[in-house]
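Colleague: Here it is: the structure, laid out below.
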Amino acid sequence: MIKEQAAVDFLKSQIIEFPETAIILGSGLGGLVDEIDIEKRIPYSEIPHFPVVTVEGHGGDLIFGDLEGVAVLAMNGRFHYYEGYDMADVVFPLRVMKLIGIKRLVITNAAGGLNEDFEVGDLMLIEDMISLLPENPLRGKNSEEFGPRFPDMSEPFDLDWLEKAKSAAIRLGVKLRTGTYIGLQGPKLETKAEIRYCRIIGGDAVGMSTVPEVIAVNHMGLKVLGISVITNESIPKVAKEFTHADVVATANKAGKKLVELVKNIL
Ligand SMILES: O=P(O)(O)O[C@@H]1C[C@H](O)[C@@H](CO)O1
């Protein structure tokens, strides 16, 4: 809390009025920043205790501005557990967001499609998730000021927002898949047997982020929506060589649809 407060105090010295809506931009999805009428861009390196981005395809700044008439905070670049960060670091920016008054959050990511019906470039609305990470951000002494010891996770994604997202996709003519996201530790990719396992236990898409963030924001009572860009097929018989550069390039392309959808939802 002390560290979060230091970051909040710094942000308060930079920003007069904070937005209530935030967006986390996943791998290759920084293009959304171009759509924001930017009021202030603050590099993570200037914010006390903020972690450092180490993954290609992720920016490293907080963007404050206006997206289609809505005041937003965009987190341009996120932190992953596989980078070596503690879970507390991974969700640090989210706790800072809570303290500055963010009420709702759109989380985006790049993910592998486990569902055979999905195509590369599709968008998937995350209706539920499975954590296969080795720990979660709430382990340890509970921070009562953020939320309860045992937060309910039966509806991790906001139902009203899910409906709005589906209607927005129909209006825009954007194909929007729905499904369950499985969060793995990474950074290694999945073996064929692990892919089969992920599918059998109910996954439609697989990635290396989002789950800790969704847990932290549910703990704090923020409204959350999650959207994956399916950047590659994660299907044993298709098994192609995976490259992060391809993920970023595909996310970049599909990101345009995502931007339209997010603008419409907001
Ligand atoms: O931050 P996201 O979840 O979009 O990043 C995905 C998962 C890995 O960090 C990386 C693999 O290419 O992309």
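The values are calculated or read from the model by the stated rules, or taken from the named source; none is laboratory data. Quantities reported herein were computed from a predicted structural model and do not represent experimental measurements. Cβ placement follows ideal geometry from the backbone for every residue including glycine, while neighbour counts extend to all protein chains displayed. Surface areas here come from the heavy atoms of the whole protein model, side chains and all, with no ligands, DNA or RNA. Shrake-Rupley method; radii C 1.70, N 1.55, O 1.52, S 1.80 Å.
Colleague: Could you check K164 against (1) within 16 Å of the ligand (Cβ to nearest atom); (2) at pLDDT 95 or above and say which number it fails?
Modeller: (1)
One line per residue, one yes/no per condition, for (1) open to solvent by less than 10 Å² (accessible area, probe 1.4 Å); (2) within 13 Å of the ligand (Cβ to nearest atom); (3) within 26 Å of T243 (Cα to Cα); (4) out of contact with any Ser or Thr (no Cβ under 9 Å at 6 or more places or on another chain):
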position	(1), (2), (3), (4)
I47	yes, no, no, yes
V53	no, yes, yes, yes
L62	yes, no, no, yes
V72	yes, no, no, no
L94	yes, no, no, yes
G101	no, no, no, yes
A111	yes, yes, yes, no
L114	yes, no, yes, no
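Colleague: From G183, G202, grab the single residue that is within 14 Å of the ligand (Cβ to nearest atom) and either modelled with pLDDT of 95 or more or hydrophobic (A, V, I, L, M, F, W, C) (or both). Steps first, answer last, please.
Modeller: Working: G202 fails: within 14 Å of the ligand (Cβ to nearest atom).
Just a single option satisfies the conditions, and that option is G183.
Colleague: Suppose the filter is surrounded by 12 or more Cβ atoms within 10 Å (Cβ to Cβ) and assigned to a helix (DSSP H, G or I); does V224 pass it? Before the answer, list the steps.
Modeller: Values: surrounded by 12 or more Cβ atoms within 10 Å (Cβ to Cβ): yes; assigned to a helix (DSSP H, G or I): no.
No: the conditions fail for V224.
Colleague: Which of the numbered conditions does E241 fail, given that it passes all the others? Conditions: (1) crowded, with 16+ Cβ neighbours inside 10 Å; (2) modelled with pLDDT under 95; (3) among the acidic types (D, E).
Modeller: (1)
Colleague: Answer yes or no as to whether R171 is closer than 30 Å to L99 by Cβ, over 17 Å from the mean Cα position of the chain (by Cα) and either open to solvent by 60 Å² or more (accessible area, probe 1.4 Å) or hydroxyl-bearing (S, T, Y) (or both).
Modeller: Numbers: closer than 30 Å to L99 by Cβ: no; over 17 Å from the mean Cα position of the chain (by Cα): yes; either open to solvent by 60 Å² or more (accessible area, probe 1.4 Å) or hydroxyl-bearing (S, T, Y) (or both): yes.
For R171, the condition - closer than 30 Å to L99 by Cβ, over 17 Å from the mean Cα position of the chain (by Cα) and either open to solvent by 60 Å² or more (accessible area, probe 1.4 Å) or hydroxyl-bearing (S, T, Y) (or both) - is not met.
Colleague: Please state which one of L123, L159 is modelled with pLDDT of 95 or more and more than 24 Å from I235 (Cα to Cα). Reasoning before the result, please.
Modeller: Numbers: L123 fails: more than 24 Å from I235 (Cα to Cα).
Testing whether each residue is modelled with pLDDT of 95 or more and more than 24 Å from I235 (Cα to Cα) leaves just L159.
Residue-by-condition table, conditions (1) modelled with pLDDT of 95 or more; (2) surrounded by 21 or more Cβ atoms within 10 Å (Cβ to Cβ):
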site: R149; (1), (2): yes, no
site: V229; (1), (2): yes, yes
site: A249; (1), (2): no, no
site: G255; (1), (2): no, yes
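Colleague: Let me ask something else. Hey, does region 99-118 have a residue that's small (G, A, S) and farther than 23 Å from V72 by Cβ?
Modeller: Here is the first cut: in region 99-118, the residues small (G, A, S) are 101, 110-113.
From what is left, the residues that are farther than 23 Å from V72 by Cβ are 112-113.
There is at least one residue in region 99-118 that is small (G, A, S) and farther than 23 Å from V72 by Cβ.
Colleague: Among the residues of region 222-266, count how many are more than 23 Å from S167 (Cα to Cα), within 15 Å of the ligand (Cβ to nearest atom) and not β-branched (V, I, T).
Modeller: So in region 222-266, the residues more than 23 Å from S167 (Cα to Cα) come out as 231-250, 252.
Then drop every residue that is not within 15 Å of the ligand (Cβ to nearest atom), which leaves 231-234, 240-250, 252.
Now narrow it down to the ones that are not β-branched (V, I, T): 232-234, 240-242, 244-246, 249, 252.
Of the residues in region 222-266, 11 are more than 23 Å from S167 (Cα to Cα), within 15 Å of the ligand (Cβ to nearest atom) and not β-branched (V, I, T).
Colleague: Do we find that G121 is open to solvent by less than 70 Å² (accessible area, probe 1.4 Å), over 22 Å from I200 (Cα atoms) and of a type outside the set (K, R) in this structure?
Modeller: Working: open to solvent by less than 70 Å² (accessible area, probe 1.4 Å): yes; over 22 Å from I200 (Cα atoms): yes; of a type outside the set (K, R): yes.
Yes: the conditions hold for G121.
Colleague: Of the conditions (1) open to solvent by 20 Å² or more (accessible area, probe 1.4 Å); (2) part of a loop (DSSP other than H, G, I, E, B); (3) in contact with a strand residue (DSSP E or B) (Cβ under 8 Å, 6 or more places away or on another chain), E127 fails just one. Which one is it?
Modeller: (2)
Colleague: Name the residue that is nearest to the ligand (Cβ to nearest atom), counting only residues in region 7-37 that are open to solvent by less than 30 Å² (accessible area, probe 1.4 Å) and touching a Phe, Trp or Tyr at 6+ places or on another chain (Cβ under 9 Å).
Modeller: Checked region 7-37; the qualifying residue nearest to the ligand (Cβ to nearest atom) is I36.
Colleague: Next question, about the same structure. Filter region 208-221 for residues that are under 14 Å from the mean Cα position of the chain (by Cα) and assigned to a loop (DSSP other than H, G, I, E, B); which is farthest from the ligand (Cβ to nearest atom)?
Modeller: Selected residue: T210.
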